[in-house]
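Below: one structure, written as structure tokens.
The values are calculated or read from the model by the stated rules, or taken from the named source; none is laboratory data. Remember, it's a predicted structure, so these values are computed and weren't measured experimentally. Glycine also receives a Cβ, built like all others from the backbone with ideal geometry; neighbour counts cover every protein chain displayed. For accessibility, only protein heavy atoms count, side chains too; no ligands or nucleic acids. Shrake-Rupley method; radii C 1.70, N 1.55, O 1.52, S 1.80 Å.
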Amino acid sequence: MKARTLKKNKINVITLGCSKNIYDSEVLMGQLQANNLDATHESKKDDANIVVINTCGFIDNAKQESIDTILRFAQAKHNGLVEKLFVTGCLSERYKPDLEKEIPNVDQYFGTRDLPRLLKVLGADYKHELVGERLLTTPSHYAYFKISEGCDRPCSFCAIPLMRGKHISTPIEELVESAKKLAAKGVKELMVIAQDSTYYGLDIYGKRRLADLLTELCKVEGIEWIRLHYAFPTGFPEDVLEVMANEPKICNYLDMPLQHIADPVLKSMRRGTSKEKTTKLLNQIKERVPGIALRTTLIVGYPGETEADFSVLLDWVKEMRFERLGVFTYSHEENTHAYALEDDVPEEEKQRRAELVMEVQQDISLEKNQELIGKKLKVLIDRKEDGNYVGRTEFDSVEVDNEVLIPVSENYLRIGDFTTVEITDAEHFDLFGKVV
Ligand code: SF4
């Protein structure tokens, strides 16, 4: 990195990990801006004298990426290219004492619930009145919409409760207020996120109120799409299905990480459900919300996962034909319940199983995409790239799902606009179309 004149008190915020971390960085930047501090998100100019890294501590790869990023900026600080370096987020929450010892060239480490303290060392005061206000880092037509923090679930493999603490829902009024502010800024799509969105309300209202929340969000003018992520199968609030079926603003889309389906593995994972119950729930969802696109995430190579357990999973993926599916290999995480088990599935076998699942899924995805050829679909334009406008249908979330490619040469479209597209061709994970 070439020597540069560092701008006085320019703060560069770096975000690693999931959409919830992006949300937290946006809140941090909103607070900094309200304190008249110059903050940028992942500035390429390297001219900031202060760097804040919002880390991820979820699984091995993500942890390594966070550590590499801290080391990179610690080196930059050593070389005089950065004056102050602060680290926050999940990795810092989980491993603060070790990090302080191993990478001392960081001015201070903060946890996931230390925003006021972090702001203090950045020369800012925490402004309560800014509830829901943030500096968006996503394209201005969609925004991540975090409805709660933390998680009360006991999933054996998961370190998130160690880093994010207990489940805390944000009151409906505050969320509606935030949605109105976002709509006023031009946001049209809300990506509803949480660790477990279906748990919403149980803590502050004594009952699940996701359906009520969605109903209120649908009343916010300017918001056209509301997309539900991170639903949990056990105790799924069925009243949500009615709202999804009746409210056109709610995308015909549901992300529900299921992790596995073989009963012995589900039991060991402490998921509180079974193959029979999960299958019944998914079929009920498809019946009550016709045409819904279901996304799920699976883990392969969990301790004790036998060849038989894996083939139960693979056969079930073939049978259920998810519209969208992702797979992770099991990561042996300290202080989780599963850490006491032997991580007995060899790494290459974990990889082999993950590849087999995705081979099956890509064929299913191609078949389902080909069924859309000739159909006219509402598409939200996200960006322009390589001679195409790139957009998404209501069946696709950002970053992880299919995209629709529309040639720039034949059309004039604006980023952030909805348009109607006739699908002319399809590949495994992409659709091609023309504006009609
Ligand atoms: S619901 Fe999700 S975040 Fe919560 S413990 Fe289970 S896997 Fe982790």
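Observations, loosely collected:
- For region 353-421, the spread of Cα positions along the three principal axes, ordered from largest to smallest, is 43, 23, 20 Å.
- Length gained on full extension, SER43 to VAL436: 137.7 nm, using 0.36 nm per residue less the C-alpha separation.
- Cα gyration tensor, region 293-420 - rounded (a/c under 1.5), prolate or oblate: prolate
- Amide H partners (placed H, <5 Å) of GLY235, local residues excluded: none
- A straight chain from PHE418 to HIS332 at 0.36 nm per residue would run longer than the Cα-Cα distance by 26.7 nm.
- Approximating the spin labels as points 7 Å out from Cα along Cα→Cβ, the ASP239-to-ASN411 distance works out to 3.9 nm.
- Once the chain from ASP315 to LEU130 is taken as fully extended at 0.36 nm per residue, the excess over their C-alpha distance is 61.7 nm.
- The chain, accessible area per residue, ligands and nucleic acids excluded (1.4 Å, Å²): 43 Å²
- 23 Å tail of the calculated P(r), region 242-347, as % of Cα pairs: 33 percent
- Every helix of 4 or more DSSP H residues in the chain counts as -39500 (n - 2.57), and over all residues that averages to -10500 deg cm²/dmol at 222 nm.
- Diffusion constant of the chain at 10 °C, which comes from Stokes-Einstein with the Kirkwood Cα-pair radius and 1.306 mPa s, µm²/s: 69 µm²/s
- Simple label model, 7 Å out from Cα along Cβ direction - GLU216 to GLU399, nm: 2.6 nm
- Sulfur and carbon atoms: percent of accessible area, region 260-379 [1.4 Å]: 52 percent
- Share of carbon and sulfur in the accessible heavy-atom surface of region 52-199 [1.4 Å probe, %]: 53 percent
- Pairs from LYS20/LYS384; LYS181/LYS219; LYS45/LYS127; LYS146/LYS286; LYS146/LYS280; LYS207/LYS280 whose Cα-Cα separation, in the structure shown, is over 19 Å: LYS20/LYS384; LYS45/LYS127; LYS146/LYS286; LYS146/LYS280; LYS207/LYS280
- Dipole size of the chain about its Cα centre, with +1 on Lys/Arg Cβ and -1 on Asp/Glu Cβ: approximately 1400 debye, rounded to the nearest 20.
- Taking every alpha-carbon pair under 8 Å whose residues sit at least 6 apart, region 1-134 reaches a relative contact order of 27 percent.
- Global geometry of region 104-247, whether rounded, prolate or oblate, following the gyration tensor of its Cα atoms and the 1.5 cut on a/c: oblate
- Over 16 Å [Cα-Cα, region 183-277], rounded percent: 59 percent
- Treating r as the C-beta distance of ALA76 and LYS267 and R0 as 60 Å, the FRET efficiency rounds to 0.80.
- Kirkwood estimate for region 25-136, i.e. one over the average of 1/r between Cα atoms, Å: 14.4 Å
- GluC sites (Glu not before Pro) lying in DSSP loop within region 206-280, provided at most 16 other Cβ fall within 10 Å: GLU221, GLU238
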